[in-house]
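Heads up, the thing below is written out as structure tokens.
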């Protein structure tokens with residue numbers, strides 16, 4: 001059984017029902033919708049299509065809404081889509097609306113002159129061009145081109161080392177968030193998070209927009225140096241984080257990304273947060289049917305680092321081989337997981353520092369029982385999915401079978417590493433619960449009569465209490 005989850009970005013290459021079904025069969029667990037592109041009407045059709053296909057296949061497939069965030073861009077040019085910037089030339093970025101040329105261009109961020117100072121570096125187009133600030137005035141930033149080249153209209157501006165006075169939720173994001181909550185997306189990814197305040201602001205907006213959906217889990221995308229400085233406080237306020245290596249690699253330099261990735265994954269696991277590793281996992285498969293050896297190694301090392309999920313972006317959104325990419329990454333994951341005991345993060349480092357003591361004790365006890373007694377699986381009965389996530393973080397050597405009567409929790413658990421979710425009718429007694437689990441396991445898993453399972457549940461069952469017991473049960477045996 002493959003444990004690490006696969007997130008696929010949905011786009012023109014993958015949005016048909018036939019392609020979605022094939023990708024789900026190949027291993028897609030979560031569908032990412034990039035709200036930098038597309039209308040609400042387009043995304044509504046996509047969400048309906050994903051849910052229809054998943055339901056027909058009997059699979060839990062979660063939907064991740066990825067908000068665009070305050071991406072800073074240059075404007076358009078008067079004489080075509082590009083201009084050439086010459087190394088050593090002066091180049092001005094203005095907050096005024098101008099038709100750009102090789103000497104100046106507008107920007108989407110009105111606060112740029114106030115945020116930068118002489119000597120700051122500005123990186124354009126994912127770091128392909130570099131400018132150095134010479135002066136900043138009320139509406140203009142005058143720079144010197146340090147690394148020239150072709151600048152395309154509407155490309156991004158990165159400000160490495162600059163703390164920007166800008167929140168993570170733009171006016172567009174607010175409208176997109178309202179739409180996503182109305183559509184009951186399973187997760188919301190927040191772009192360009194700098195501090196925990198960005199997460200608090202998004203949660204506050206959720207409560208104002210749609211109180212019934214304000215509990216929707218938030219994934220903080222870590223793309224700026226400030227986010228690394230404030231990582232522990234950010235983890236305290238969100239359900240998960242994404243190692244967004246594209247912009248992060250521009251902001252802190254590519255050389256520092258591997259160690260940053262390891263630190264983020266380690267801290268997220270210690271604190272019980274979900275963690276996703278993203279960007280250029282199998283980038284070459286956008287146009288070729290096989291990955292490079294370096295890409296295969298990169299995916300495997302993310303598994304060894306302890307990531308819960310890996311994410312495909314352009315590979316499945318616009319690539320020529322979306323299905324082959326999903327199959328390939330699933331194969332790499334399975335092979336890497338065969339060697340986790342040799343090269344992977346050990347369970348002793350997963351201490352779940354910020355989770356409730358009782359919940360942590362139950363999760364660790366279940367893991368120890370399963371390993372010591374060589375149980376076939378850990379079965380968790382849950383309403384919210386919290387205890388399932390904690391058990392997942394202990395990295396048990398056996399499958400985690402999660403049972404819930406809540407449709408929302410069932411789908412969200414698709415992102416939990418090593419978890420097989422089942423939606424079952426609500427039960428009222430311990431005996432009903434155990435027999436329900438047995439029936440599902442005998443029908444839908446390799447388990448058989450006589451196999452031992454470790455059960456986590458809350459009693460009295462009818463009261464839907466938080467988990468408070470761990471017990472060992474033999475399938476088909478007395479209760």
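The values are calculated or read from the model by the stated rules, or taken from the named source; none is laboratory data. What you see is a predicted model, and the numbers here were worked out from it, not measured in a lab. Every residue, glycine as well, gets a Cβ built from its backbone with ideal geometry; the counts of neighbours run over all protein chains shown.
Highlighted here would be helices (runs of 4 or more DSSP H) found entirely within segment 129-231 that include at least 3 residues which are modelled with pLDDT of 95 or more and within 20 Å of residue 74 (Cβ to Cβ), but there are none. Annotation note: of 58, 46, the sole residue that is at pLDDT 95 or above and surrounded by fewer than 17 Cβ atoms within 10 Å (Cβ to Cβ) is 58.
Out of curiosity, is residue 375 in a helix (DSSP H, G or I) and either closer than 28 Å to residue 283 by Cβ or outside the structural domain of residue 309 (by TED's automatic domain parsing) (or both)?
no
Taking the listed residues 403, 416, the one that is outside the structural domain of residue 268 (by TED's automatic domain parsing), under 22 Å from residue 463 (Cβ atoms) and touching a residue at least 24 places away in the same chain (Cβ under 8 Å) is 403, with no other qualifying.
In segment 244-262, what residues are part of a helix (DSSP H, G or I) and farther than 16 Å from residue 124 by Cβ?
Looking only at segment 244-262, we keep the residues that are part of a helix (DSSP H, G or I), and these are 245-252, 254-262.
Across segment 244-262, the qualifying residues are 245, 248, 252, 254, 255, 256, 257, 258, 259, 260, 261, 262.
Name the pairs whose Cβ atoms lie under 6 Å apart, with the first residue in segment 202-220 and assigned by TED's automatic domain parsing to the domain that holds residue 243 and under 16 Å from residue 408 (Cβ atoms), the second at pLDDT 95 or above and surrounded by fewer than 16 Cβ atoms within 10 Å (Cβ to Cβ), and 6 or more positions between them or separate chains? If the second residue must be at pLDDT 95 or above and surrounded by fewer than 16 Cβ atoms within 10 Å (Cβ to Cβ), the pairs left are 206/214; 214/207.
With a requirement of 2 or more residues that are at pLDDT 95 or above and buried (at least 20 other Cβ atoms within 10 Å of the Cβ), the helices (runs of 4 or more DSSP H) lying completely within segment 269-344 that satisfy it span 293-305, 314-317, 322-337. Looking only at residues in segment 5-55 that are assigned to a helix (DSSP H, G or I) and touching a strand residue (DSSP E or B) at 6+ places or on another chain (Cβ under 7 Å), the one that is farthest from residue 414 (Cα to Cα) is 43. In this structure, does residue 106 turn out to be surrounded by fewer than 21 Cβ atoms within 10 Å (Cβ to Cβ) and outside any loop (DSSP other than H, G, I, E, B)? It is true that residue 106 is surrounded by fewer than 21 Cβ atoms within 10 Å (Cβ to Cβ) and outside any loop (DSSP other than H, G, I, E, B).
The residue list 246, 180 contains one member that is within 20 Å of residue 29 (Cβ to Cβ) and touching a residue at least 60 places away in the same chain (Cβ under 8 Å), which is 180. Selection of segment 109-128 for residues being part of a strand (DSSP E or B) and in contact with a helix residue (DSSP H, G or I) (Cβ under 8 Å, 6 or more places away or on another chain) yields only 123.
Given the condition crowded, with 18+ Cβ neighbours inside 10 Å and at positive phi, answer yes or no: does some residue in segment 415-426 qualify? The answer is yes, given that some residue of segment 415-426 is crowded, with 18+ Cβ neighbours inside 10 Å and at positive phi. For segment 300-312, state whether one or more residues are at positive phi and not assigned by TED's automatic domain parsing to the domain that holds residue 123. Yes.
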